[in-house]
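Please read the structure below before turning to the comments.
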């Protein structure tokens, strides 16, 4: 006849094996199907609100570049103005005679094309016509027309490509900064998805461990009831086992709440649902693949991180932008000295057609040139702006240095976290194995009358804690690897994700 203890031990072995398989099996939901970590990441890339919002910033910055380029767009302008001037007659003091009143009517027409050139010159190409008539010529038409080009070229302030293109270069840098910010938003979102996915997987493992702990307590209840019937256990042992099982039911409820909260966190990252339907949806996740043991070198990875981390690249662009602003404000300290000039042809006749023919024949040319000088007496405004720009540049230099230091610390902490969690996995795995062996030994001692229900219940709880600790260590290891990739700025490359900032 088989020994009853052997039968019980066999069923316990089968039960433990089933639970162990359940911890690695996909978590099913009411809707069926499973999603992998890669599926969750792809959904986040398509629907996450943080990525969408950051994408708008990138598009806005790109529009700013287009806006800044508009300063070179030629402007076509036309004008017409009519004026009438009536003057009273003049009385001669010698003769006492009064002349007739004088009326002068004038029509002014103009059509011009003007704009700004990259080296700072403003130009205007066009034609103007004035028709003057009145009592002095019996209101006969008298057209005076000019067609030509004129321009103003700064020689000191606002001279050259640097001053003229400064706003465009700043807008282009702002666009580059927004693209790095968009990349940072994608990296952070992907990393948060990895964190939330592993947190949800851990929550399920915690729930399964709580259920297993409750089932072990129920087994102890059955064991004590059988021993009570044979007189080898007291009523206290039965009551204590029931109390322990009831307490572990509460742990299951806490674990269920943890699953719901972790699931909602992940859903918020990978969906754009804005209704209470978000709370009714259930995710079915597939446990992530076991992460390999890796050895990282924070010192060696530091310089690579400087080329990949969006925050450092943004700091570099900020310093570059402030340098342009400083040079521009230094240029504004110069006095304004502008070379002005123009050249064209004129005509005068009783009709517009005749004046146009004169211009076409280039019968009468006209030109002018000169220098306009403007010097503020104090330069107070300009000196204040330049000082502020120079201090802003120095501040940006300091911020860049601070970012470099932060990167050193963050990479070092992330590398240390990987090393520690690797050791935690080994320690918790050994702790779980020992807790299982201790529980098995304690159950044998109970059946042999050498232990009691309190010790068995304690060992059951120790085993549950060990299982949870091991599951948490494995989850933390996945998260530590993801965080290290984020600190290096290589998250997207590791996952083969190509980021194109919206235009």
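The numbers here are math on the coordinates, done by the rules we state, and not lab data. Since this is a predicted model, take the numbers as computed values, not measurements. When we count neighbours, we look across all protein chains shown, and the Cβ atoms used for this are built from the backbone with ideal geometry, even at glycine.
I need two numbers for segment 289-392: Rg to one decimal and Dmax as a whole number, Cα atoms only, in Å.
Here Rg and the maximum Cα pair distance are 30.4, 96 Å.
When you have a sec, figure out the Kirkwood radius of segment 345-503 from all distinct Cα pair distances and drop it here in Å to one decimal?
25.0 Å
Set the Förster radius R0 to 60 Å, insert the Cβ-Cβ distance between residue 136 and residue 63 as r into 1/(1 + (r/R0)^6), and round the FRET efficiency to 0.05.
So, using R0 = 60 Å, E works out to roughly 0.60.
Just the number, please: Stokes-Einstein D of segment 336-399 in µm²/s, Kirkwood Rh from C-alpha pairs, 25 °C, 0.890 mPa s.
148 µm²/s
For segment 429-503, what value does the Rg/Rh ratio take when both radii are computed over Cα atoms and Rh is the Kirkwood radius, given to two decimals?
Dividing the radius of gyration by the Kirkwood radius yields 1.41.
At 25 °C and 0.890 mPa s, grab the translational diffusion coefficient of the chain from Stokes-Einstein with a Kirkwood Rh over Cα pairs, rounded to a whole number in µm² per second.
This corresponds to a translational diffusion coefficient of 78 µm²/s.
Could you check the spin-label model distance between residue 398 and residue 351? Points 7 Å from the Cα along Cα→Cβ, value in nm.
7.7 nm
If you consider only alpha-carbon coordinates, what radius of gyration and Dmax does segment 310-361 have, in Å?
25.6, 71
For segment 202-270, with equal point scatterers placed on the C-alpha atoms only and solvent neglected, what are the log10 I(q)/I(0) values from the Debye formula at q = 0.17 1/Å, to two decimals?
-0.64
Can you give the calculated 222 nm mean residue ellipticity of the chain, where each DSSP H run of n ≥ 4 adds -39,500 (n - 2.57) and the sum is split over every residue, rounded to the nearest 500 deg cm²/dmol?
Computed ellipticity for the chain at 222 nm equals -22000 deg cm²/dmol.
Run the quick spin-label model on residue 282 and residue 306: label points 7 Å from Cα toward the beta carbon, then report their separation in nm to one decimal.
5.3 nm
Given the C-alpha centroids of segment 430-449 and segment 331-407, what is the distance between them in whole angstrom?
89 Å
Quick one: which of 134-142, 330-338 comes out on top by average Cβ neighbours within 10 Å, and what's the full order, highest first?
My ranking of the peptides, most packed first, is 330-338, 134-142.
Using the Cα atoms as the points, what is the convex hull volume per residue of segment 275-334 in Å³?
Expressed per residue, the convex hull around the Cα atoms of segment 275-334 is 168 Å³.
Would you mind giving the three semi-axes, in whole Å and largest first, of the ellipsoid equivalent to segment 401-471 according to its Cα gyration tensor?
Calculated on Cα positions only, the semi-axes equal 43, 10, 6 Å.
Would you compute, for the Cα atoms of segment 63-170, the largest minus smallest coordinate along each principal axis and list the three values in descending order, in whole Å?
Principal axes ranked by extent give 73, 26, 23 Å for the Cα atoms.
What is the helix-to-structure angle for 235-270, meaning the angle in degrees between its Cα long axis and the longest Cα principal axis of the chain, kept from 0 to 90 and rounded to the nearest 10?
20 degrees
Using only the Cα atoms, what convex hull volume per residue in Å³ does segment 152-250 have?
Spread over its residues, the Cα hull of segment 152-250 gives 116 Å³ apiece.
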